[in-house]
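So the structure is just underneath, and the comments pick up after that.
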Amino acid sequence: RFHMHKNGDNEWVPVGIGAKKAGRGSVTTHIKNGGSLLTPKQALSKTFGDQDEEILEKAKKVSIKLSEAIERNFPHTLGELGLDLGIDKDGEVWMFEANAKPGRSIFSHPALRSEGRASLSHILDHCMYLSNFRRGND
C-alpha cells in the first residue's frame, strides 16, 4: 500500500508505504484473516536482495505518476490516495486498486508511526494550499 498525499506545493508524494503479506492458506492480505504488515525493506529484500532500494525508488516514481493520472481523470479534488501496488519478480510495478479514502492501518506498524504523523501534516499542508494560506514564514 502506497499512501499518497498532496503536499503544500500541490504535488503528490508517497508518505507511507507498507507491504501486506497474506496469511498461511489465505489469498487476501487482511490482518483479520491472518495477514501481516511489513516494511518495504522487509518485503523487497527477500525478493530483490541488495536491489531493494532501487526497486522501491522505481515504485515511488510510478506511484506519483499513477496519482497524477488518476487526478487528471477524476472530476473532484483529490488530496490523498491509497494505491494498492504489486511488484513482480522482474521489478515491474502493477496497480491493483486505488482508494480515494484510504484506510490508515499501515500506520499502526511501529516502523511507520512517524509516517502516520507525516500523513496528518500533509493533509493540513494541502488544506492550507487549497485555502491560499501558508504555514510558517512562507
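The values are calculated or read from the model by the stated rules, or taken from the named source; none is laboratory data. Just so it is clear, the model here is predicted, and its values are computed rather than measured. As a convention, Cβ positions derive from the backbone with ideal geometry for all residues, glycine included, and neighbour counts pool all protein chains shown. These accessible areas exclude ligands, DNA and RNA; they are computed on the full protein's heavy atoms, side chains included. Shrake-Rupley method; radii C 1.70, N 1.55, O 1.52, S 1.80 Å.
Students sometimes get this wrong: rank S131, S67 by accessible area, probe 1.4 Å, all chains present, largest first.
S131, S67
Quote the accessible area belonging to H126 in square angstrom, nearest 10, computed with a 1.4 Å probe and with ligands, DNA and RNA left uncounted.
Surface open to solvent at H126 totals about 10 Å².
As a test of the formula, what do you get for the chain when each DSSP H run with n ≥ 4 contributes -39,500 (n - 2.57) and the sum is divided by the residue count, at 222 nm and rounded to the nearest 500 deg cm²/dmol?
After summing the helix terms and dividing by residue count, I get -11500 deg cm²/dmol.
Accessible area, 1.4 Å probe, largest first: how do R104, R1 sort?
I get R104, R1, largest accessible area first.
For the full complex of protein chains and a 1.4 angstrom probe, list I55, I64 by accessible area with the highest value first.
I64, I55
Once you list every other residue whose beta carbon is under 14 Å from the beta carbon of T47, what net charge do they have if Lys and Arg are +1 and Asp and Glu are -1?
Here the count lands on -2.
Could you pull out the pairs from K6/K41; K32/K61; K6/K61; K60/K89; K20/K65 whose alpha carbons sit more than 19 Å apart here?
Distance filter (> 19 Å) returns K6/K41; K32/K61; K20/K65.
Whenever you get a sec, compute what percent of the accessible area on the chain sits on carbon and sulfur atoms (1.4 Å probe).
Carbon-and-sulfur percentage of accessible area, whole number: 52.
Taking the Cα centre of the chain as origin, work out the dipole magnitude from +1 charges on Lys and Arg Cβ and -1 charges on Asp and Glu Cβ, in debye rounded to 20.
Value, rounded to 20: 600 debye.
Before I look further, what does the chain give for accessible area per residue, probe 1.4 Å, in whole square angstrom?
That works out to 63 Å² for each residue.
Taking the chain as the reference, fit the longest principal axis to its C-alpha atoms, fit the long axis of helix 52-72 to the helix C-alpha atoms, and give the angle between the two in degrees, 0 to 90, nearest 10.
Taking the Cα atoms of the chain, the angle to 52-72 is about 50 degrees.
Suppose we keep just the DSSP beta bridges with both residues in the chain; what percent of those would be antiparallel, to 5?
Percentage antiparallel, nearest 5: 100.
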